[in-house]
C-alpha cells in the first residue's frame with residue numbers, strides 16, 4: 001500500500017532523511033519512532049504530499065505521493081490539531097468533505113458516524129471553545145471524511161490525557177481492523193508496542209531498526225533468564241530459601257540445570273525478561289526517547305525493564 | 001497542478017463562510033459604520049464640492065428687505081442676522097431705499113476684515129449669477145476667455161490658443177473651445193453657432209477636467225467664462241479620487257492579510273495543502289472574495305463620483321496589486337506585527353504611486369502612469385485609447401500577476417510554517433521557479449513590470465528637479481534597478497543550490513538573464529504610444545534601450561545590439577560574483593551598475 005524507496009530530504013545543509021526504504025502492507029499499522037529530529041515527521045509529511053523529496057520515490061497505493069488521486073485516498077492527521085476555530089465541528093467537517101468531493105448525503109452520514117464513534121459532544125459549538133481532546137477527535141474525524149484507504153497519523157495521542165489516549169489508540173486499532181492502512185508515529189513507545197504491527201526506528205534521518213516489535217527485540221534486544229534453584233550453584237545469589245542465577249542464553253540455563261542436579265538440587269523456576277522497545281531504542285540510537293514513559297502496570301519511572309505479567313514458559317520444562 | 005474553477009469556488013465559498021463566522025457583530029457594525037463614513041465623506045466631497053468647514057463663521061447684520069440679504073443668505077461662510085444685532089462682524093446699513101449705496105461697517109479686527117472680504121466675494125458671486133441669468137449674455141459678459149492647456153514640453157501657451165469673440169460672432173478656437181461659457185455667450189450674442197467641440201482640454205490630449213456643476217469645482221475652476229471666473233486648476237480631484245477609491249482597499253487588505261497569515265499561524269493551512277487541491281486553487285479561492293469586495297466597492301464609488309466602466313477598469317488593477325502585495329507580504333511576515341507593517345507599507349506606497357502622478361493629470365503624459373488619471377479622464381468624458389489603458393494599467397496587472405505567482409511559489413509547507421528571515425523567503429520564492437538555466441531568463445523578463453514601475457516612479461519623483469540633475473539621478477536609478485532585477489534571480493539560484501557554483505554556469509546564467517531582460521525590455525516601447533518618450537526624462541529612462549531613437553538603420557541596429565550586449569555583460573559580471581556569496585555579489589553588482597550607468601550616460605549625451 002505504501003512504498004518508500006531511498007527517500008532523501010535535504011534542507012539547505014541539513015539532511016533530514018537520508019535514504020529511507022520501507023513498505024507498508026494493506027491493513028497494517030506501521031509505526032515510525034525516533035527522537036526529535038530523527039526525520040519521522042518529514043517522512044510522514046512526504047507521504048502525505050506536503051513535502052517534496054529531494055531524492056527517492058514515495059508511492060501510496062501505487063501512485064506518487066502528492067498526486068491528486070493519492071491525496072483523495074489519504075487521511076492525514078498532523079501532530080497538532082490546527083482547526084478553524086470559528087467553525088463548528090459539523091461545519092468544519094462538511095468543509096473538508098466538500099473539498100474531497102464527497103456527496104452531501106454521504107458526507108453527512110460519515111460525519112455523524114465518525115462523531116458518534118468518537119463520542120464527540122458539542123458538535124455545534126465553536127471549535128475554539130472545546131477542549132483539546134475534543135479538537136483531537138474532530139481532527140481524527142476530519143481525516144476520515146473522505147473514507148481514505150491510508151491514514152497517516154503523526155502522534156495521534158499527542159497531549160491527550162490517558163483516558164482519551166487509550167480511546168484514540170483503540171479507535172486506530174479498529175480502523176486497521178476495518179481495513180485501513182495506518183502509518184503511525186509516536187514518542188511514547190508503549191503506544192507503538194501496543195498498537196503497531198511493524199515498526200521502524202529512525203535516528204538522525206536513518207532507519208536504524210525495522211520489523212515487528214518481536215523481531216526488533218530479537219535482533220537488537222536481549223533476553224535474560226533468572227533461574228531459581230534449590231541449591232546454590234556457581235554465581236547464584238540467595239533469594240529467600242532459593243538461589244537465583246541470571247544468565248543470557250539457554251545454554252547457560254542448561255548448564256545451571258546440570259550443576260544443580262550434580263549438587264542434588266533442581267531448577268524450580270525460570271523467568272524471562274526481554275528488552276523493551278525503549279531499551280532497544282537506547283541501544284541503537286544511543287539516547288533516551290524524549291517524552292517516553294513507561295505506562296505498564298506496576299512499573300515505576302526508574303524501572304527501565306518491563307516485567308511480563310506472566311512468566312513465559314521456559315524452553316525446557318523444569319525438572 | 002492545474003486550476004479547477006469548481007474547487008476554487010468551493011474554497012471561496014467556505015472562505016466567505018469562515019470569514020463571516022469569525023466576525024463578531026460589534027466589529028461588523030463598527031466596520032460598516034467606518035465604511036459608510038468613508039463613502040459619505042467621499043460622496044459629500046464630490047457632490048458638494050468639498051466639506052463646508054467654514055459654514056456660518058461670519059455674522060452679517062442685514063435687513064431682510066435689503067438687496068444684500070440674498071447674497072449673504074446664499075453664502076456658506078456668512079450668516080444673516082437681523083439688522084442692529086449686537087456682535088455682528090459686518091453691518092449693512094441701507095435703510096434709505098432712495099440711496100443706491102449702502103453703508104457697510106466692520107469691526108476693526110482681523111476677523112472683521114476677513115468677514116468684509118467674504119462679504120465682498122459673496123456679493124460678487126451673487127452679481128455674477130444674476131449676470132449669467134441675463135438673456136443677453138453678450139451684454140452681460142462683453143469679454144469672454146477660453147482656457148486651453150497644452151503639453152508643457154512641446155508647446156507654449158499662446159494667446160491664440162482659443163478665442164471667444166465679443167458678441168459671440170465666432171466663438172471657436174483652433175484646438176477646441178469650450179461649450180459652457182463661451183458657447184452660451186456666442187449663442188446669446190446674435191445667434192451665431194458658438195458651440196465648440198469638446199472642452200478646453202480636448203485638443204491637448206490631457207486637458208483640464210470639466211465635470212460641470214458641483215463636481216466641476218473639484219478641479220479648480222471652469223475652462224471657459226468671464227475673466228473673473230477663471231482660476232488655475234488644482235489637483236484636488238486626484239486627492240479625492242485617491243481617498244475615495246483607495247481608502248476602502250485598506251479595509252480589504254487588512255482582512256485579506258489576516259486570513260492569509262491565519263493559515264500560517266499554528267499550521268492551520270497544512271490540512272488544505274494535503275487536500276486534493278492545487279496551491280493555485282487555494283490561493284485563488286481565498287483571494288476571490290476579497291477581490292470581489294474590492295471590485296464591488298470600486299464600482300459603487302465609481303458610480304457615486306459619476307464614473308463609468310472605464311473608472312472601474314482603471315481602479316481594479318490597483319486593487320489587484322493591493323491584494324497581491326498584501327498576499328506576498330502575508331506569506332513573508334512572521335507575525336501579525338510584521339503583517340501590519342506590510343499592509344501599511346503597501347497602502348502608503350500604492351497610494352503614493354497612484355496619487356502623485358495623477359496630480360499632473362492636466363499637465364503631462366507622466367500622469368498616465370497612474371490609473372487614477374484614467375478615472376479623471378473618464379469623469380471628463382474624454383476617450384481613452386487601448387494603448388493608453390494598457391500603458392496605465394498593464395504594469396499593475398503584470399505586477400499583480402507576478403506577485404501572486406511569487407506568493408503561490410512559497411505557499412507550501414516548507415515556507416509557510418517556518419520563521420525564516422524575510423530575505424531568505426524572498427530568495428526561496430524566486431528559487432522555486434528555477435528548475436532549468438533558462439528559467440533565469442524568464443525570471444529576468446518577469447521583473448520588467450517591477451522595473452517599469454520603479455523607473456516610472458523615479459520619473460514622477462524626479463520630475464520636479466532641474467532637468468540636468470534629474471536625468472543623471474534617473475540614470476543612477478535605472479542602473480541600480482535594472483542590475484538588481486537581472487541579478488537577483490541568478491543569486492537566488494546559487495543561494496538555494498539550484499545551480500553549480502562554477503564560472504561556466506555563472507556566465508551562462510548571466511547571459512540568459514541579460515537576454516531575457518533585454519527581450520522583455522522591448523515591451524517598454526509602449527511608452528512611445530502615449531508620448532512619454534517625448535519628454536527628456538522619458539528618453540533618459542527608456543530611450544537608452546534603442547526604442548524610438550529616430551536614428552538611421554545602422555545606428556538603430558547598433559542601438560538595438562548594444563543594449564543586449566550591455567545587459568548580457570553586466571548580468572554575467574553579477575552572476576560571477578553571485579557564485580561566491582552575498583558580499584562578492586554585492587561587489588560585482590556595483591561594478592555592473594557603474595558600467596550600466598556609464599553606458600546610459602554616453603547614449604543620452606550622444607543622442608542629446
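Each reported figure results from applying straightforward, stated rules to the coordinates on display, with no laboratory input. Since we're looking at a predicted model, the values are computed, not measured. Because the Cβ atoms are built from the backbone with ideal geometry, glycine has one as well, and the counts that use them run over all protein chains shown.
Note on residue B:387 and residue B:522: the model spin-label points, each 7 Å out from Cα along the C-beta direction, lie 1.8 nm apart.
Sorting A:243-255, B:435-447 by average packing, meaning the other beta carbons within 10 Å per residue, from highest down gives B:435-447, A:243-255.
Which whole-number percent is the relative contact order of chain A (Cα, under 8 Å, 6+ apart)?
On the way: 615 pairs, mean separation 59.8, N = 319.
Once normalised by length, the contact order is 19 percent.
Entry for region A:44-197 at q = 0.15 Å⁻¹: log10 I(q)/I(0) = -0.79, Debye formula applied to identical alpha-carbon scatterers, no solvent contribution. Shielding by partners for peptide B:406-413, expressed as the average number of C-beta atoms from other protein chains within 10 Å of each residue's C-beta, is 1.
Mean per-residue shielding of peptide A:66-79 is 3, counting Cβ atoms of other chains within 10 Å of each Cβ.
D for region B:564-608, whole µm²/s, Stokes-Einstein with Kirkwood Rh over alpha-carbon pairs at 4 °C and 1.567 mPa s: what number? Estimated diffusion coefficient is 119 µm²/s.
Sort A:49-55, B:419-425, A:149-155, B:122-128 by the packing proxy (mean of other Cβ within 10 Å over each peptide's residues), most packed first.
Numbers: A:49-55: 19.1, B:419-425: 13.6, A:149-155: 22.7, B:122-128: 16.1.
Ranking, from highest mean packing down: A:149-155, A:49-55, B:122-128, B:419-425.
Averaged across the residues of B:264-274, what count of C-beta atoms belonging to other chains lies within 10 Å of each residue's C-beta?
The mean count of partner-chain Cβ atoms within 10 Å per residue comes to 6.
Report the residue, chosen from A:183, A:93, A:282, that carries the largest GNM mean-square fluctuation when chain A is represented by alpha-carbon nodes joined by springs under 10 Å. Highest fluctuation of the listed residues: A:282. Cα convex hull, region B:58-133: 84 Å³ per residue, rounded to a whole number. Calculated on the alpha-carbon coordinates, the convex hull of chain A measures out at 155 cubic angstrom per residue.
When Rg and the Kirkwood radius Rh are both evaluated on Cα atoms of region B:300-459, their ratio Rg/Rh stands at 1.03. With both residues required to sit in chain A, DSSP beta bridges show an antiparallel share near 65%. Across region B:420-508 the C-alpha pair distances fall into 10 Å bins from zero in the proportions 16, 38, 26, 16, 4 percent. Relative to the first principal axis of the alpha-carbon coordinates of chain A, what is the inclination of helix A:162-177, with its axis defined by its Cα atoms, in degrees from 0 to 90 and to the nearest 10? Long axis of A:162-177 versus the principal axis of chain A: about 80 degrees.
Find the eigenvalues of the gyration tensor of the Cα atoms of region A:120-192, then list the square roots of 5 times those eigenvalues as equivalent ellipsoid semi-axes, largest first, in whole angstrom. Numbers along the way, then the final one.
On the way: eigenvalues 83, 52, 19 Å².
Listed largest to smallest, the semi-axes of region A:120-192 are 20, 16, 10 Å.
Run lengths n ≥ 4 of DSSP H only: what is the helix-derived mean residue ellipticity at 222 nm for chain A, with -39500 (n - 2.57) per run over all residues, to the nearest 500? Intermediate values should be presented prior to the final figure.
On the way: 10 runs with 103 residues, N = 319.
Taken over chain A, the calculation gives -9500 deg cm²/dmol.
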